[in-house]
1. Can you run phi through the Karplus equation (6.51, -1.76, 1.60; θ = phi - 60°) for the stretch 70-80 and list ³J(HN,Hα) in whole Hz, with x for Gly and Pro?
2. For the chain, with all protein chains present and a 1.4 Å probe, just round the carbon and sulfur fraction of the accessible area to a whole percent.
3. Which is farthest toward the positive dipole end of the chain among 5, 55, 17, measuring Cα position about the Cα centre, with Cβ charges +1 (Lys, Arg) and -1 (Asp, Glu)?
4. Over all distinct Cα pairs, what is the inverse of the mean 1/r for the chain, reported as the Kirkwood hydrodynamic radius in Å?
5. Let me check I've understood the local charge: for residue 16, count other residues with C-beta under 13 angstrom from its C-beta, Lys and Arg +1, Asp and Glu -1. What total comes out?
6. Sum up the charges of everything whose Cβ sits under 13 Å from the Cβ of residue 54, counting Lys and Arg as +1 and Asp and Glu as -1, but leave residue 54 out.
7. Using the Karplus curve 6.51 cos²θ - 1.76 cosθ + 1.60 with θ = phi - 60°, what ³J(HN,Hα) values do you get for each residue of the stretch 62-68, in whole Hz, with x for Gly and Pro?
Amino acid sequence: SGKLSSKAERAYSAMMNADTDAVEAENQVELEEKTRLINQVLELQHTLEDLSARVDAVKEENLKLKSENQVLGQYIENLMSASSVFQTTDTKSKRK
C-alpha cells in the first residue's frame with residue numbers, strides 16, 4: 001500500500017507539474033500576444049502622429065499657395081486692364 005501511495009503521489013505530482021507547465025506556457029503565449037499588440041498600437045500611434053504632422057504641413061503649404069495665387073491673379077488682372085490688347089478684346093466681345 002505504501003508503494004501504491006508513492007506511485008499515486010508521483011503520478012499526481014507529474015499531473016500537477018504538467019498542468020502548471022501548460023498554464024505557464026499559456027501565460028507566456030498570452031504575454032507574447034499582449035506585447036505584440038502593444039508594440040503594434042505604439043507603431044500605429046507613431047504613424048498617426050507622422051500623418052497628422054504631414055497633414056498640418058500640407059495645409060500650411062496650401063494656404064501659402066492660395067495666397068500666392070491671389071496675388072498672381074490680381075497682378076494678371078491689373079496687367080490685362082492696363083493692356084490695350086485685352087481692352088480691345090473686351091470691347092469686341094461686348095458688341096456681340
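The values are calculated or read from the model by the stated rules, or taken from the named source; none is laboratory data. No experiment lies behind these values; they were computed from the predicted model shown. Note: ideal-geometry Cβ built from the backbone for every residue, glycine included; neighbour counts use all protein chains shown. To get the accessible areas, we keep the full protein, side chains included, count just its heavy atoms, and leave off ligands, DNA and RNA. Shrake-Rupley method; radii C 1.70, N 1.55, O 1.52, S 1.80 Å.
1. 5, 4, 5, x, 5, 4, 5, 4, 5, 5, 5
2. 59
3. 55
4. It is 21.7 Å.
5. -3
6. -4
7. Coupling constants for the stretch 62-68: 4, 4, 4, 5, 4, 4, 5 Hz.
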